[in-house]
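These notes concern the structure reproduced below.
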Amino acid sequence: MKNLRLILSIALMAFIALPLPAQSGDPVSLLKEVEKKTLSYTDQSIQFSLLIEAPGRDGKKVQRKTSGQVLVVGQKALLQLNGQLIFLEGSRITTVSEADEEIIVRKLDGDETQYTPAALVKKYETGSNFQWAGEETVAGGTKIVYVRMKPKNNVDVRDVIFGINMRSKRIHSYQEFGTNDVNTTLNILQYDVNQGVTEQKVTFTKSKYPGYDYMAPKGM
């Protein structure tokens, strides 16, 4: 479940067109601007670094660092992470391990459906408070403004902080602070849009992986 939440949190960063509720205050106005910009793209290619910090047995933080890429076309995405290809298509998640020549298909059901990108967006839409969380100037003189989102009645997530690039009005970073003291930070290293990525590129096609072991629920 933890790995699943991580995967879908990354996807949420890419599907960041949040249908925000009517609230007063500039943080919501800024996110609305980011939403409008995101919706205008036909495709997105995001390279990112990922840092996970968790409590260790000796009281010190344990860190795990990695990097990856996510391609987004419409409501579909292809995540490349830790040597795996992860296709996100609605409630279906297909993981391809080329090293193991193995394909695992999962269909989210029951409680797991609350972690799909669409469900996460809906949850934040209907039960979140937004406030400023500071700003900084990064290399090149670009101003980054941070917006804190505090989900209500979420047993897993205490806070989410979005970093907004004020020059491009795109997401710069995503930080998630778990109620279990596990913190996840994603920083965008490169963000390309409208590069001609097709939906076929982010759609799983079994015939592309002949000879791979295929494990899937019946009917998938």
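Observations on the structure shown:
- Sorted by Cβ density within 10 Å, fewest first, the residues Arg57, Arg170, Arg64, Arg92: Arg57, Arg64, Arg92, Arg170
- Between Gln80 and Leu39, the simple spin-label model (points 7 angstrom out along Cα→Cβ) gives 3.1 nm.
- Residue by residue, the range 29-45 carries 3J(HN,Hα) couplings of 4, 5, 5, 4, 5, 5, 4, 4, 5, 5, 5, 7, 7, 7, 7, 9, 10 Hz when phi is fed to the Karplus relation 6.51 cos²θ - 1.76 cosθ + 1.60 (θ = phi - 60°); x denotes Gly or Pro.
- Sequence of Leu51, Leu71 once ranked by neighbouring C-beta atoms within 10 Å, starting from the fewest: Leu51, Leu71
- Distant-in-sequence amide contacts of Ala133, defined by a placed amide H-H separation under 5 Å and a gap of 5 or more residues or a different chain, comprise Tyr146, Val147, Arg148.
- Our coupling estimate for the range 147-159, obtained by passing each phi through the Karplus curve with A = 6.51, B = -1.76, C = 1.60 and θ = phi - 60°, is 10, 9, 10, 10, x, 8, 6, 10, 7, 9, 10, 8, 8 Hz, Gly and Pro reported as x.
- Average Cα contact separation per residue, the range 38-91, under 8 Å, 6 or more apart, as relative contact order %: 28
- For the range 168-220, the Kirkwood hydrodynamic radius comes to 15.8 Å, computed from all pairs of different C-alpha atoms.
- Burial ordering of Arg167, Arg158, fewest other beta-carbon atoms within 10 Å first: Arg167, Arg158
A short reminder: the numbers here are calculations on the coordinates, not readings from a lab. Note that the structure is predicted; figures quoted are calculated from it, not measured. Methodologically, a virtual Cβ is constructed for each residue, glycine included, from the backbone with ideal geometry; neighbour enumeration extends over all protein chains shown.
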